[in-house]
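Structure, as structure tokens:
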Amino acid sequence: MKILKYLFLLVLLSLVALSIFVATQKGDYKVERSKVINSPKAAVYNYVNDYKNWANFGSWIAQDLEMKIYYPQNTVGKGASYSWQGKEGNGNMKTIFVKENDSITQKMNYQGTTSNVFWSFKDTLGGTKVTWKTTGKMSFLFKIYTAFTGGVDKVIGGIYEKSLANLDKTLDYEINTYSIKVDGLVKMPETFYLHQTFTSEISKVIKNFRIVTPKIITFCKKNNLPLAGKPFVIYHTYDLVNGLTRISICVPIKNQIYTSAGSDLLTGKLEAYEAIKTTLTGDYSHLTKTLDKGKAYSNAKQIFADPSLSHIEVYITSKTEKESPSKWVTEIYYPTKPKLVVNKINVITKKVETVPTITEVLTPDTEVSAPKAKTNVTVTKTKSDVIVPKAKKEAVVPKAKKTAPPVKEVEIPSEF
């Protein structure tokens with residue numbers, strides 16, 4: 001019995017000693033890992049900025065197949081969040097600050113341990129350098145856990161290293177798997193639409209599209225306005241030098257309506273028109289290549305573009321339908337300049353028979369017979385008179401009329 005008591009006291013003293021040791025350890029920590037991702041900076045930033053993509057690269061999720069993840073309505077940008085419940089604990093994360101294509105700041109709570117999480121994205125040789133850092137203060141339980149698993153840097157650092165490797169592998173496929181097809185000249189029908197127009201940075205068009213489009217669709221639902229196809233963006237100007245564009249973010253509707261003066265949303269109409277169509281299947285980072293192919297086709301075929309606008313992008317399959325960027329489908333239309341068509345008119349010129357001119361001067365006793373002709377000529381016999389036949393009227397040729405140039409149209413392919 002005494003031996004058991006001594007053993008019990010020894011274990012108790014060991015636990016007390018361990019508790020004192022753990023409690024006196026520094027609770028503040030900082031863990032940081034970096035990796036070069038073989039994808040464009042904007043693509044990497046947009047992918048990480050959406051919590052719905054984290055299940056594709058987070059190593060802690062892959063290790064716990066029973067983990068349940070909960071997504072609220074907003075999972076992108078400032079104010080976005082998500083939470084999880086796993087066999088090793090529960091947690092949640094919220095985005096508190098973003099700088100477009102540059103950095104993200106988040107707040108995480110895991111099993112009572114609160115930490116600040118920072119992401120930075122920098123262009124570098126071979127792709128994008130991604131730095132993932134976390135700072136915080138460990139709870140007592142987390143101190144015990146890390147004490148038995150090699151320390152906080154090894155625990156969190158190992159998770160970050162595996163997750164960054166997964167991110168590189170996932171993005172290498174999703175971002176760099178794409179195709180561009182030049183469909184050629186197509187005819188687009190008349191389209192009515194609701195829109196909001198403003199000037200935007202070219203790099204922020206997709207972000208603005210994701211903000212404005214849901215507002216227009218909500219307006220349509222509240223006012224019982226049937227939609228007539230996929231959302232699209234009209235690029236009125238496209239200034240690559242300054243990185244600015246004047247755009248209209250549009251949602252097609254079946255019937256034309258009128259909005260009140262001062263409204264943020266306005267109505268518009270695209271007349272029927274012809275356009276050069278190109279189709280991108282893949283991430284939006286390849287839109288510039290798609291635009292270039294459309295222009296090259298236009299130049300090769302000597303088809304002149306309509307100078308009144310730059311181009312139109314129709315988002316057939318976007319992030320709302322497919323999470324994988326490799327499956328997004330975007331159609332781009334270059335409206336062409338209308339051709340002037342002149343109708344051919346058959347002009348018939350009748351042959352006019354001429355009558356010889358009589359210039360002979362008649363004397364008093366001379367009789368003159370007028371030459372036979374198909375037209376009647378009156379001859380008068382007087383002194384020093386000149387007999388001149390009546391001239392025939394010249395045939396009048398009608399002037400050719402020009403037809404009006406063909407009207408312009410846009411078709412927005414499929415229904416919502």
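The values are calculated or read from the model by the stated rules, or taken from the named source; none is laboratory data. Treat the numbers as computed from the prediction; the structure is a model and nothing was measured. Glycine also receives a Cβ, built like all others from the backbone with ideal geometry; neighbour counts cover every protein chain displayed.
Can you name the residue in region 126-166 that is part of a helix (DSSP H, G or I), of a type in the set (Ser, Thr, Tyr) and out of contact with any Ser or Thr (no Cβ under 6 Å at 6 or more places or on another chain) and, of all such residues, is modelled with the lowest pLDDT?
Quick first cut of region 126-166, residues part of a helix (DSSP H, G or I) only: 140-148, 152-166.
Subset that is of a type in the set (Ser, Thr, Tyr): 145-146, 160, 163.
Imposing the further condition that a residue be out of contact with any Ser or Thr (no Cβ under 6 Å at 6 or more places or on another chain) reduces the set to 145-146, 160.
Working: TYR145: 64, THR146: 61, TYR160: 94.
Among those residues, the one meeting the criterion is THR146.
Need the failing condition index for CYS220 against (1) loosely packed, with under 14 Cβ neighbours inside 10 Å; (2) over 24 Å from TYR47 (Cβ atoms); (3) not polar (S, T, N, Q), just the number.
Of (1) loosely packed, with under 14 Cβ neighbours inside 10 Å; (2) over 24 Å from TYR47 (Cβ atoms); (3) not polar (S, T, N, Q), only one is false for CYS220: (1).
Return only the number of the condition from (1) part of a helix (DSSP H, G or I); (2) surrounded by fewer than 17 Cβ atoms within 10 Å (Cβ to Cβ); (3) hydroxyl-bearing (Ser, Thr, Tyr) that SER263 does not satisfy.
(1)
If you take the residues of region 266-300 that are in contact (Cβ under 8 Å) with a residue 40 or more places away in the chain and farther than 29 Å from LYS327 by Cα, which of them is surrounded by the fewest Cβ atoms within 10 Å (Cβ to Cβ)?
Taking region 266-300 first, the residues in contact (Cβ under 8 Å) with a residue 40 or more places away in the chain are 266-287, 289-291, 293-294, 297.
Keeping just the survivors that are farther than 29 Å from LYS327 by Cα gives 266-269, 271-272.
Values: LEU266: 14, THR267: 14, GLY268: 16, LYS269: 10, GLU271: 15, ALA272: 15.
Checking each candidate, the answer is LYS269.
Just to be sure before I move on: is ASN101 surrounded by 15 or more Cβ atoms within 10 Å (Cβ to Cβ), at pLDDT 90 or above and over 30 Å from the mean Cα position of the chain (by Cα) in the structure I sent?
When the stated conditions are applied, ASN101 does not pass them.
Enumerate the pairs (first residue in region 217-242 and in a loop (DSSP other than H, G, I, E, B); second residue anywhere and hydrophobic (A, V, I, L, M, F, W, C)) with beta-carbon separation below 6 Å, excluding pairs fewer than 6 apart on the same chain, so at least 6 apart or on different chains.
Close Cβ pairs (under 6 Å, with a partner that is hydrophobic (A, V, I, L, M, F, W, C)) amount to LEU225/ILE253; ALA228/ILE253; GLY229/ILE412; LYS230/VAL314; LYS230/ILE316; LYS230/ILE412; PRO231/VAL251.
Taking interchain pairs and intrachain pairs at least six residues apart, which have beta carbon atoms under 9 angstrom, with the first residue in region 151-168 and farther than 18 Å from TYR51 by Cβ and the second of a type in the set (Asp, Glu)?
GLY157/GLU32
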